[in-house]
Amino acid sequence: MTLYYYFNKRCHLNCKTPSGGWWTRPSNWKSNTAITLAGMSVIIGVVWKISAENEWRHNKPNRWIPSMMWSKQFRDGEYKDLKFDSPEK
């Protein structure tokens, strides 16, 4: 049995890779993509929530920053009365 025979006949039938190996467009790619996007969204949401709960600024900002919309420090804490003009774009 030569290396050519092994690689072409045996390996491609038995190789299992996350990307699909030799068959790269599986018939269920749309559902796989949807499941992956849903999972990533859940993970990003949880990380975002934990990060927003733990965010704390030690210096008072001198301009509007986006995290002022969700940070507890600006909603309920010491900087809740801090007002700026319209957000910079």
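The values are calculated or read from the model by the stated rules, or taken from the named source; none is laboratory data. Quantities reported herein were computed from a predicted structural model and do not represent experimental measurements. Note that each Cβ is placed from the backbone with ideal geometry, even for glycine, and that neighbours are counted across all protein chains shown.
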Within region 65-89, considering residues that are under 15 Å from Glu53 (Cα atoms) and hydrophobic (A, V, I, L, M, F, W, C), the one modelled with the lowest pLDDT
Phe74
Could you list all residues from region 35-89 that are of a type in the set (Val, Ile, Thr) and surrounded by fewer than 11 Cβ atoms within 10 Å (Cβ to Cβ)?
Thr36, Val42, Ile43, Ile44, Val46, Val47, Ile50
List every residue pair whose Cβ atoms lie under 6 Å apart, where the two residues are 6 or more positions apart in sequence or sit on different chains, the first residue falls within region 45-64 and is assigned to a loop (DSSP other than H, G, I, E, B), and the second residue, located anywhere, is modelled with pLDDT of 85 or more and loosely packed, with under 10 Cβ neighbours inside 10 Å.
none
